[in-house]
Amino acid sequence: EDKVVQSPLSLVVHEGDTVTLNCSYEVTNFRSLLWYKQEKKAPTFLFMLTSSGIEKKSGRLSSILDKKELFSILNITATQTGDSAVYLCAVNYGGATNKLIFGTGTLLAVQP
Amino acid sequence: DAGVTQSPTHLIKTRGQQVTLRCSPKSGHDTVSWYQQALGQGPQFIFQYYEEEERQRGNFPDRFSGHQFPNYSSELNVNALLLGDSALYLCASSRHFSGNTIYFGEGSWLTVV
């Protein structure tokens, strides 16, 4: 059965802390792994990863994929209260098409 | 460049009723997928439309149906609503046969009472 598992389910940190969010997966027809930030409604795209070992960075956020061990991490450095959200990991496993299977998400709360 | 747009944003329906949700994909995108997100859960794939046909379907009953129009916009219909259908319904937009990013709309919050 295809599945995506995220950990931890939730965490509380203080501003300035660094956090690491984990995502492991077992899917057939892996195409890519995507990270989204969801604050209220629409998941907002963060990263798409297709190749192992290549770090993607955007400001204080970075992510990397390990296709051998079937996991990805999302790092957030110098956290701010605006980083508080649910972070969703999804795997595109649709083969020639785009179909996503999501984890349950990690709820991050950043306290001032 | 308009992103993915959905309507309505919120609606309340009674058990047994029917609902229609609408989605316009991002400019340049030809594929629309629908997802259901229950509270505290990740989105779950309902189905995908491309070239006005349902191409793939997740584990949802036939009460869930859809349509895609020539302009690539799409509708999601749910018949005989159950309390358990209460969720955020998300529309995802992409280009078919492409590994490009998948973008989501703001979603439609459906409450069934």
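The values are calculated or read from the model by the stated rules, or taken from the named source; none is laboratory data. Quick caveat, the model's predicted, so the values are computed rather than measured. Note that each Cβ is placed from the backbone with ideal geometry, even for glycine, and that neighbours are counted across all protein chains shown. SASA here: full protein model, heavy atoms, side chains in, ligands and nucleic acids out. Shrake-Rupley method; radii C 1.70, N 1.55, O 1.52, S 1.80 Å.
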Please list, in order along region B:84-92, the HN-Hα scalar couplings obtained from phi with the Karplus expression 6.51 cos²θ - 1.76 cosθ + 1.60 (θ = phi - 60°), rounded to whole Hz, x for Gly and Pro. x, 7, 4, 5, 8, 9, 10, 9, 10
Counting GluC sites (Glu not before Pro) as exposed when in a DSSP loop with at most 15 other beta carbons within 10 Å, what is the longest stretch of chain B free of them? B:53-113
Residue mean of other protein chain beta carbons inside 10 Å, B:38-47: 4
In Å², nearest 10: area of residue A:36 left accessible to a 1.4 Å probe: 0 Å²
Quick one: plug the Kirkwood hydrodynamic radius of the protein assembly as shown (C-alpha pairs) into Stokes-Einstein at 10 °C, 1.306 mPa s, and report D in µm²/s. 88 µm²/s
Which aspartates and glutamates does residue B:26 reach when only Cα atoms under 14 Å apart count, and residues fewer than 8 places away in its own chain are ignored? B:1, B:106
By average C-beta atoms within 10 angstrom, highest first, the peptides A:42-52, A:60-70: A:42-52, A:60-70
Heavy-atom accessible area per residue - region A:3-105, 1.4 Å, Å²: 45 Å²
For region A:55-62, what does the Karplus curve 6.51 cos²θ - 1.76 cosθ + 1.60, with θ = phi - 60°, yield as ³J(HN,Hα) per residue in whole Hz, taken in order and with x for Gly and Pro? 7, 10, 10, 8, x, 8, 9, 8
Just from the alpha-carbon atoms, what are the Rg and Dmax of region B:5-112 in angstroms? 13.0, 39
Per the 1.4 Å probe, what fraction of the accessible area of region B:5-112, in percent, lies on carbon and sulfur atoms? 46 percent
Residue by residue through A:29-37, how many Cβ atoms from other chains fall within 10 Å of the Cβ on average? 1
Lys and Arg at +1, Asp and Glu at -1: neighbours of residue B:96 with Cβ under 15 Å from its Cβ sum to 0
Leaving ligands, DNA and RNA out of it, rank B:13, A:37, A:3 by accessible area with a 1.4 Å probe, largest first. A:3, B:13, A:37
With contacts defined as alpha carbon pairs under 8 Å and 6 or more residues apart, what's the relative contact order of chain B in percent? 37 percent
Which value in Å is the Kirkwood Rh of chain A over different Cα pairs? 14.1 Å
Of the cross-linked pairs A:99/B:13; A:56/A:99; A:41/A:99, which ones have a Cα-Cα span greater than 24 Å in the structure shown? A:99/B:13
